[in-house]
1. Which of (1) open to solvent by less than 90 Å² (accessible area, probe 1.4 Å); (2) within 16 Å of the ligand (Cβ to nearest atom) is the odd one out, the single condition R85 does not satisfy?
2. In the range 43-82, how many are polar (S, T, N, Q) and away from the ligand (no atom under 16 Å from the Cβ)?
3. Could you list all residues from the range 103-118 that are modelled with pLDDT under 85, surrounded by 15 or more Cβ atoms within 10 Å (Cβ to Cβ) and not in a loop (DSSP other than H, G, I, E, B)?
4. State whether one or more residues within the range 59-68 are modelled with pLDDT of 95 or more and exposed (fewer than 15 other Cβ atoms within 10 Å of the Cβ).
Amino acid sequence: MNSNIFLPGLEAFVVTKSCVEDGSYQLHLELEREPHSCPCCEQRTEKVHDYRVQKIQHQHIFGRPTTLFYRKRRYVCENEACRKRFYEDNSMVERYQRQSVEYKQAMGIELIHGKNFKDVASRFGTSPTTVMRRFDHISSSMLSETKQLPEIIAIDEYKGDAGGEKYQTIIADPIERKPLDILKDRKKETVKEYLRKHGDNV
Ligand SMILES: [Zn+2]
């Protein structure tokens, strides 16, 4: 089946097969063949070397957990002296990742809306620890811009059930209404230590 249904994050892909198995939605997809520049010598090529199917966890589609089977194309440089083999460019999954970019963004949005780690984890078919790591990543990219906390912060405890601790502490900016950081537990010393490092303006 080839379909043109609009699927967020997958616009460029051709769906070659879709089915439901064990309650989860499976999509087989690939990109159109197109000329690429060799990363070594920059010669243009569209000569295909081979394909490899990569299994990727994606966000829910039509209410079902979704797995993508991406038939990833590898090109080979046509320059006789080079012969470099390289994967096609794609916007769906980063190198060495098993989850799609869209999946990570969707998880980030839910976290920012204040769902707890356990709920988000079960919705996304992963562990609370993975969700927490994701949250850390999002908040550290926000924090890296400021490094210092704003003058007014909100400190809340959060029943995240992550990393062997039942509660975590969430540091948020109540004015901008965004989470800034998450601490691994709700112990006084952890919060104190954190404020000592980042809280000169608080
Ligand atoms: Zn080359």
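The values are calculated or read from the model by the stated rules, or taken from the named source; none is laboratory data. Because the structure is predicted, anything quoted here is derived from the model rather than measured. Positions of Cβ are generated from backbone atoms using ideal geometry, with glycine treated the same way; all protein chains shown enter the neighbour counts. Just the protein is used for accessible areas: all its heavy atoms, side chains included, with ligands, DNA and RNA removed. Shrake-Rupley method; radii C 1.70, N 1.55, O 1.52, S 1.80 Å.
1. Here R85 meets the rest and fails (1).
2. 5
3. If the condition is that a residue be modelled with pLDDT under 85, surrounded by 15 or more Cβ atoms within 10 Å (Cβ to Cβ) and not in a loop (DSSP other than H, G, I, E, B), then K104, A106, M107, G108, E110, L111, I112, F117, K118 are the ones that fit.
4. Among the residues of the range 59-68, not one is modelled with pLDDT of 95 or more and exposed (fewer than 15 other Cβ atoms within 10 Å of the Cβ), which makes the answer no.
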